[in-house]
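Novice: Could you have a look at this structure, given as structure tokens, before my questions?
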Amino acid sequence: MKKIIVSGGGTGGHIYPAVAVAEALKRRFGDDVDILFVGAEGKMEMEKVPALGYKIVGLPIAGLQRRMDWHNLLVPFKVLKSIRMARRTIRRFKADICVGFGGYASAPVLWAAQRLKVPTLIQEQNSYAGLTNKILAKGAKRICVAYDHMERFFPAEKITMTGNPLRGRFSKEGADRGEALKYYGFTPDLPVILVVGGSLGTRSMNEMMKAWILRTEGKAPVQVIWQTGKYYQKEMQAFLKEYPAEHVWQGAFIERMDYAYAAADVVVSRSGANTVSELCLVAKPVVFIPSPNVAEDHQTKNARALAEKDAALLVADRDCKEHAMECAIDLARDEARKERMTRNIELLARLRAAEDIVDEIVKLLK
């Protein structure tokens, strides 16, 4: 029986790649693998992971607040307690290997494992390495990455290019476009723009859509799938009631993401690591609007890595209200550029990311 600890969390960007690898381990080994997740108390993994059928242990670890906050004084004590708990968890579980997916939740686990001589593997999702992974890289046996030039952050001899593991099935073929257009009540004679800001939504992208609808007086030459996020749903519904817009589907969530991708000619999106990986797999021309509210501005760096290969366009968050939709519409009308960007982004797709990471885990187990 192989005993594997998987750690990471705080956001879906860390949790879902970890779950994708856990699922790949289950496919590979069946009942001959025992997987234990370790996360941070009070964070989303403590709810999401058990709901998917996995065991999880929560640590009292917390990150530093960016603003001055008295809670920062407690962080060193929480770190020390979390390291002690991680060490105890590794020993009791008798872990053969610990796999970290970034975020401060994984730091105590990998730190303790390295000092207990348990092999560790790190998976870095972004083009600019997170602080936790940079600190732990020296003691890691293998580092799986999704972007070129990661030797800036990690020892080159430890790096393996795997891409980011994703849950679900994403591919260029995807769903039938005719069915997808029918699902959204659209027609094939107008281009489709997919605007997606994540499950929580983003204020700036929703303000972008409002400004664009006002500029076009609700009569635009494209069809739009507009995902607002749950926090902004009522506000955006009220806006559309006051300012009706033709050819716009609006919702808090997109239940059938396969249909959304199949219908879309161009995507307007944030550039989190998992989103970038999805878009490479479905090979869609994209206008990235990186979130400015993330550590080390890594979304801008993710987007720039694709833009430099002519695989995406980049519009700064501060400029998106005025320019992003017009940029997307121009791209949707430019067939030659769309085809070129589709070819270029498809070249970056990694179809077997989760399985390739499992291959690296197996090598370390041996």
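Novice: Place a +1 charge on the Cβ of each Lys and Arg in the chain and a -1 charge on the Cβ of each Asp and Glu, then give the dipole magnitude about the Cα centre in debye, rounded to the nearest 20.
Specialist: It comes to approximately 1980 debye.
Novice: Continuing with the same structure: Given the protein chains as shown and a 1.4 Å probe, how many square angstrom of CYS98 are accessible, to the nearest 10?
Specialist: Rounded to the nearest 10, the figure is 0 Å².
Novice: Another question, if that's okay. Excluding ligands and nucleic acids, what accessible area in Å² is computed for LEU364 using a 1.4 Å probe, to the nearest 10?
Specialist: 50 Å²
Novice: Figure the gain on full extension for THR216 and ARG333 (residue separation times 0.36 nm, minus the Cα-Cα span) and round it to one decimal in nm.
Specialist: My answer for the length gained is 40.4 nm.
Novice: Ignoring ligands, DNA and RNA, how do GLU326, GLU308 rank by accessible area with a 1.4 Å probe, largest first?
Specialist: GLU308, GLU326
Novice: Still on this structure, please answer the following. Once R0 is set to 56 Å, what does the formula 1/(1 + (r/R0)^6) return for the Cβ-Cβ distance between LYS138 and LYS241, expressed as a FRET efficiency to the nearest 0.05?
Specialist: 0.50
Novice: Continuing with the same structure: Distance check, please: which entries in LYS309/LYS363; LYS219/LYS241; LYS48/LYS117; LYS2/LYS117 exceed 22 angstrom between their Cα atoms?
Specialist: Too far apart for the 22 Å limit: LYS309/LYS363; LYS48/LYS117.
Novice: Put +1 on the Cβ of each Lys and Arg and -1 on the Cβ of each Asp and Glu in the chain; which of ALA354, ASN164, ILE97 then has its Cα farthest toward the positive end of the dipole?
Specialist: Ranked along the dipole, the leading option is ILE97.
Novice: Output the relative contact order of segment 219-366, whole-number percent, from Cα pairs under 8 angstrom with separation of 6+ residues.
Specialist: Taking the mean separation of contacting Cα pairs over the length of segment 219-366, I get 21 percent.
Novice: Next up: Would you please classify the overall shape of segment 73-154 from the alpha carbon gyration tensor, given that a ≥ b ≥ c denote the square roots of the eigenvalues, rounded means a/c under 1.5, and beyond that prolate means a/b larger than b/c while oblate covers the rest?
Specialist: Note, shape of segment 73-154 comes out oblate.
Novice: So if I place +1 on the C-beta of Lys and Arg and -1 on the C-beta of Asp and Glu, and nothing else carries charge, what would the dipole magnitude of segment 264-366 be about its Cα centre? I want it in debye, nearest 20.
Specialist: It works out to roughly 220 debye.
Novice: Ranked highest first by average number of other Cβ atoms within 10 Å, how do 229-240, 130-141 line up?
Specialist: 130-141, 229-240
Novice: Can you tell me the dipole magnitude for segment 169-314 around its Cα centre, using point charges on the Cβ only (Lys, Arg +1; Asp, Glu -1), in Debye to the nearest 20?
Specialist: 200 debye
Novice: Take peptides 275-287, 172-184 and line them up by average Cβ neighbours within 10 Å, highest first, as a rough protection proxy.
Specialist: 275-287, 172-184
Novice: Okay, next question. What figure, in Å² to the nearest 10, do you get for the accessible area of MET85 with a 1.4 Å probe and non-protein molecules left out?
Specialist: 40 Å²
Novice: Could you give the accessible area per residue of the chain, probe 1.4 Å, as a whole number in Å²?
Specialist: 47 Å²
The values are calculated or read from the model by the stated rules, or taken from the named source; none is laboratory data. Only a predicted model underlies this, so the values are computations on that prediction, with no experimental measurement involved. Neighbour counts are summed over all protein chains in view; Cβ atoms, including those assigned to glycine, are modelled from backbone coordinates with ideal geometry. Ligands, DNA and RNA are stripped out before the accessible areas are found, and what is left, the full protein with its side chains, is counted by its heavy atoms. Shrake-Rupley method; radii C 1.70, N 1.55, O 1.52, S 1.80 Å.
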